[in-house]
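Participant: If you scroll down you'll find the structure; I have some questions about it.
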There are 2 protein chains.
Amino acid sequence: MDQNHQPRGCPMASRRFLLAAAAGLAGAAAGARLAGAEPDHPPLIKTASLTTDRLLPFHGRHQNGIVTPQQGHTYFAAFDIATDKRAEVAGLLRRWTQAAEKLTQGQPLGSDDPNTPPPDSGDVLGLPPSRLTLTFGLGPTLFTKDGADRFGLAKHRPEAFVDLPRFVGDQLVPERTGGDLSVQACGDDPQATMSAVRQLMRLAYGVATIRWVQNGFLAGYDPKITPRNLMGFKDGTFNPDVKDPKITDRLIWAGDEGGAWMRGGTYVVARPIRIALEHWDRMKLSFQEQTIGREKRSGAPLSATGAHNDEFTPIDLDANDRDGNPIIPENAHVRLAAPQTNDGAQILRRGYSYDNGVSLVAERWPPWRHAVELDAGLLFVCYQRDPRTGFIKIFDRMSKFDMLNQFVTHVGGGLFACPGGVAPGRYLAQDLFEA
Amino acid sequence: MDQNHQPRGCPMASRRFLLAAAAGLAGAAAGARLAGAEPDHPPLIKTASLTTDRLLPFHGRHQNGIVTPQQGHTYFAAFDIATDKRAEVAGLLRRWTQAAEKLTQGQPLGSDDPNTPPPDSGDVLGLPPSRLTLTFGLGPTLFTKDGADRFGLAKHRPEAFVDLPRFVGDQLVPERTGGDLSVQACGDDPQATMSAVRQLMRLAYGVATIRWVQNGFLAGYDPKITPRNLMGFKDGTFNPDVKDPKITDRLIWAGDEGGAWMRGGTYVVARPIRIALEHWDRMKLSFQEQTIGREKRSGAPLSATGAHNDEFTPIDLDANDRDGNPIIPENAHVRLAAPQTNDGAQILRRGYSYDNGVSLVAERWPPWRHAVELDAGLLFVCYQRDPRTGFIKIFDRMSKFDMLNQFVTHVGGGLFACPGGVAPGRYLAQDLFEA
């Protein structure tokens, strides 16, 4: 138990490797954490999957992980700032930027000394880079908290960056809500995403503490297939076409309206939404389909009448049955989410299923018992250029009328401003802190 | 919100598909949930991954998921029996067996009526079968609880099926400990494993309620590489050779000693072990390596002296340095775990990392603050023919002396008897309930 033992069996191989890594010699080319290791230790990984297409660039006009094709796993984290010094916050964002440059490129954070704690936990040594992206955000409370302009940033808070209103049905748990900073790691491996955030937590010691996190996953469907959510429905069929710059510039990326630091940035709403799966599972198939407004198996809208309908068949909100009643119910989820019923409002959804095991809950339906039930649902994540005309616009009505509301509860989350992308040599939100 | 709406846009496609599935026509051949769908809806999945080698057989002399090459994800669940009728417990095991036969073969549980709740939640429709295995166990409390022989089974409780003793350092949370029945789903997709247990929960309504669950994952290393755990060390290097029947019969599979129902069965210990990762990350590399007894990068034992050492280099527990001190410390993890120091005791480890987000804890080390920290660690799972000479033998000493104990806390779990495998037409533990 003596931590002051002299080091024994001094791991030269490890040390040499880590030195090389620290000098930027390892990993960069092949994208493997252990590529470039000394010749007497052959690289641990030589697989077809280790091609550079599994490394995604960190630098660019926009942050990555937003319009990036969705990876299989996520780890979303929100932090509280624990200092009152603006320079320390800027310093953290600089350290995080430098770390993200390495982590997303499959490089360890480096170490050169067996007598110090390794800067990188090492739990992804030799693991493929897994298309890791790291997307950072700033919370409203970084600008103004309890009425105070904490870091002299309040004057740079964009008009669009409002506080989220309280919505009907919100049951937000304080320990799962808000935060001064956010980071979303996305990647194809749960250990890769968790490890990346863990390293960022370590770099924040003394400046910021973790407030809440939520991991999530997408079922591993063929990439050409829309994955099903935990309710058994295809989720994500209609999303803005992120390959069209006209659309992304209109719906996702901020222009000049938020100041230089938000140019090319966006706003993210992330909310863990618990789903009463036991309740949902007890509903008859036709009722599930009316609630959503789509067929469960095919994903086709209930209004589809042709011979070859699928999830991409356009929704006909005006279709009526013989009695003149709408085929897609007035309060069906797809109707309330549709741009047509929201003055054209659209958001880029990029959510994940989450599974926090089970917990004791008081049921909201007969026989109103207390029971241990699945603590699972959707980590709803959406991006938009302006939350007032995006999530807030759409969800305000949805929170009041959606048939789905009897099965879902928003239990936390927040709104964060994601600054524009980072150029090499600069750090995230530098234009804000050095304005 | 009216659940009695007449079904609209009646989803004939879904219904026809589900009818076909119920009749066993779908999925069986190709292993895809949607294979065999009607011709006007082409099968959703046609990928190379959908070969039968991703389906693992359910029937056999032993239950599957034990010596099966380890899949990427797990969902472990423990249930409490909520009835006093033995026949209802047997009936549940029959339903679970029948469901497991379908679920592990990529078949939905079937539905034929839009006016009833679908028996299968449908959240894995179209998903590859993901090498799903389901492994069932019976808890000690199924035989004897508070001194009572609940179901007349006490006389069939094998001698080896003892209650786990209380170990030094145990901090077991009642809500995460014990249970009358257990099931471990393993598979290559987190939604597949969760969905399978969810269907079993539904089949248990009225007979058994969920007590605790823990999901877990393995980092997605190349299958030829020993994956690293959250501490950054390779985990699972030495395990009994499950390809050698002499070894598995000696160490894993019960013979006649436990009665007919346990023949070919085994005992599983599953324990969520929280790891103080923030504390671990602050330790210098050499101390981490002494704690484990291995080099972090290569996995080689600290005693290795040759030029080409790796994780498979045999551990030399007798090696001393020049001063006569053991090179692998007296209380290093590998020394205490080694068969040589445990009268030859060996277990089959099959654990997973777990990540439950963060929670508020009182730290066990200076400055003893309260802090929000990672609620993550190892879902330790091991199999053995006799827990008295397996886990209990090894862990009794380890719990007292292992240097690792300052970083790890056992917070729940249990011991379960996994009956022998099931032949077609029979159900799990039938020999016990019909003895």
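Participant: How charged is the neighbourhood of B:Cys186? Take every other residue with its Cβ under 12 Å from the Cβ of B:Cys186, and add Lys/Arg as +1 and Asp/Glu as -1. Please report the intermediate quantities before stating the final value.
Facilitator: Values: positive: B:Arg131, B:Arg350; negative: B:Asp188, B:Asp189.
Once positives and negatives cancel, what remains is 0.
Participant: While we're here: For the stretch B:202-267, state which trypsin sites (Lys or Arg not before Pro) are in a DSSP loop and have at most 13 other beta carbons lying within 10 Å of their beta carbon. It would help to have the intermediate numbers written out before the result.
Facilitator: Details: sites: B:Arg202, B:Arg211, B:Lys224, B:Arg228, B:Lys234, B:Lys243, B:Lys246, B:Arg250, B:Arg263; in loops: B:Lys224, B:Lys243, B:Arg263.
When the trypsin sites (Lys or Arg not before Pro) of the stretch B:202-267 are filtered for loop state and at most 13 Cβ neighbours within 10 Å, B:Lys224, B:Lys243 remain.
Participant: Sort shortest first the distances from A:Asp222 to its counterpart in every other copy, using label points 7 Å along the Cα-to-beta-carbon line, and give them in nm.
Facilitator: Going from nearest to farthest copy, the values are 2.8 nm.
Participant: I'd like the chymotrypsin sites (Phe, Trp or Tyr not before Pro) in the stretch A:183-250 restricted to DSSP loop residues with at most 14 other Cβ atoms within 10 Å, sorted by number. It would help to have the intermediate numbers written out before the result.
Facilitator: Values: sites: A:Tyr205, A:Trp212, A:Phe217, A:Tyr221, A:Phe233, A:Phe238; in loops: A:Tyr205, A:Tyr221, A:Phe233, A:Phe238.
Those satisfying the criteria are A:Tyr205.
Participant: For A:Gly265, which sequence-distant residues (separation of 5 or more, or a different chain) have an amide H within less than 5 Å of its own amide H, given hydrogens modelled in the peptide plane?
Facilitator: For A:Gly265, whose amide H was placed from the backbone, the distant partners under 5 Å are A:Ala254, A:Gly420.
Participant: Across the residues of A:68-75, average count of Cβ atoms on other protein chains within 10 Å?
Facilitator: On the way: counts 0, 0, 0, 0, 3, 3, 0, 2.
Taking all residues of A:68-75 together, the mean is 1.
Participant: From Cα pairs below 8 angstrom and at least 6 apart in sequence, can you work out the relative contact order of the stretch A:99-184, rounded to a whole percent? Mind showing how you got there, number by number?
Facilitator: Details: 66 pairs, mean separation 26.0, N = 86.
The normalised contact order for the stretch A:99-184 reaches 30 percent.
Participant: Which whole-number percent gives the relative contact order of chain B, counting Cα pairs below 8 Å spaced six or more residues apart?
Facilitator: Details: 894 pairs, mean separation 96.2, N = 435.
About 22 percent, as a whole number.
Participant: How large is ³J(HN,Hα) for each residue in the stretch A:273-282, as worked out from phi by the Karplus curve 6.51 cos²θ - 1.76 cosθ + 1.60 (θ = phi - 60°), to whole Hz, x for Gly and Pro?
Facilitator: Result, rounded to whole Hz: 10, 6, 10, 7, 5, 5, 6, 4, 5, 8.
Participant: Sticking with this one: Note the distances from A:His370 to each other copy's matching label point, with points 7 Å along the Cα-to-beta-carbon direction, in nm, sorted shortest first.
Facilitator: 2.3
Participant: Using the Cα centre of chain B as the reference point, and only Cβ charges (+1 on K/R, -1 on D/E), how large is the resulting charge dipole? Debye, rounded to the nearest 20.
Facilitator: Here chain B has a charge dipole of around 380 debye.
Participant: In whole Å, what is the distance between the alpha-carbon centres of the stretch B:122-180 and the stretch B:357-401?
Facilitator: Comparing the Cα centres of the stretch B:122-180 and the stretch B:357-401, I get a distance of 19 Å.
Participant: Please check: in the Gaussian network model of chain B (C-alpha springs, under 10 Å), which one of B:Ala196, B:Ala371, B:Ala154 has the largest mean-square fluctuation.
Facilitator: Ranking B:Ala196, B:Ala371, B:Ala154 by mean-square fluctuation puts B:Ala371 first.
Participant: Then there's this: Between A:Arg250 and A:Asp323, how many nm apart are label points set 7 Å from Cα along the C-beta direction?
Facilitator: 3.9 nm
Participant: Once the label point is placed 7 Å from Cα along Cβ, list for A:Lys400 the distances to the corresponding points in the other copies, in nm, shortest first.
Facilitator: 6.9
Participant: Follow-up question, since we're still on this one. In the stretch B:283-374, what trypsin sites (Lys or Arg not before Pro) fall in a loop by DSSP, with at most 13 other Cβ atoms inside 10 Å? Mind dumping the intermediate values first?
Facilitator: Details: sites: B:Lys284, B:Arg294, B:Lys296, B:Arg297, B:Arg322, B:Arg335, B:Arg349, B:Arg350, B:Arg364, B:Arg369; in loops: B:Lys284, B:Lys296, B:Arg297, B:Arg322, B:Arg350, B:Arg364, B:Arg369.
Of the trypsin sites (Lys or Arg not before Pro), the ones in loops of the stretch B:283-374 whose Cβ has at most 13 other Cβ atoms within 10 Å are B:Arg322, B:Arg364, B:Arg369.
Participant: Right, here's the next one. Where a Cα-Cα gap under 14 Å defines reach, which aspartates and glutamates qualify for B:Lys102, not counting those fewer than 8 residues away within the same chain?
Facilitator: B:Asp120
Participant: Let me ask something else. Mind checking the mean number of beta-carbon atoms from other chains within 10 Å of the Cβ atoms in B:356-366?
Facilitator: 3
Participant: Taking chain B as a Gaussian network, Cα atoms linked when under 10 Å apart, which of B:Pro301, B:Pro367, B:Pro424 shows the biggest mean-square fluctuation?
Facilitator: Looking only at B:Pro301, B:Pro367, B:Pro424, the largest GNM fluctuation is found for B:Pro367.
Participant: Show the residues, 5+ positions off or on another chain, whose built amide H is closer than 5 Å to the amide H of B:Arg211.
Facilitator: Correct list: B:Ala78, B:Phe79, B:Asp80.
Participant: Enumerate the lysines that A:Lys224 could reach by cross-link, defined here as Cα to Cα under 19 Å, with residues fewer than 8 away along the same chain left out.
Facilitator: A:Lys234, A:Lys243, A:Lys296, B:Lys46
Participant: Would you work out which of B:Leu132, B:Ala362, B:Ile292 lies farthest towards the positive end of the dipole of chain B? Charges go on Cβ: Lys and Arg +1, Asp and Glu -1.
Facilitator: B:Leu132
Participant: Still on this structure: Find the eigenvalues of the gyration tensor of the Cα atoms of chain B, then list the square roots of 5 times those eigenvalues as equivalent ellipsoid semi-axes, largest first, in whole angstrom.
Facilitator: Semi-axes from the Cα gyration tensor: 40, 25, 22 Å.
Participant: Considering amide H positions built from the backbone, and no H for Pro or chain starts, which residues 5 or more places from B:Leu138, or on another chain, come under 5 Å of its amide H?
Facilitator: Amide H neighbours of B:Leu138, under 5 Å, 5+ apart: B:Ser182, B:Ala417, B:Cys418.
Participant: Assuming a viscosity of 0.692 mPa s and a temperature of 37 °C, what translational diffusion coefficient in µm² per second does Stokes-Einstein assign to the stretch A:111-226, Rh being the Kirkwood radius over Cα pairs?
Facilitator: On the way: Rh = 17.4 Å.
The diffusion coefficient I find is 189 µm²/s.
Coordinate-derived values only; no laboratory data. Not measured: the values here are computed from a predicted model. Backbone-built Cβ (ideal geometry, glycine too); neighbour counts: all protein chains shown.
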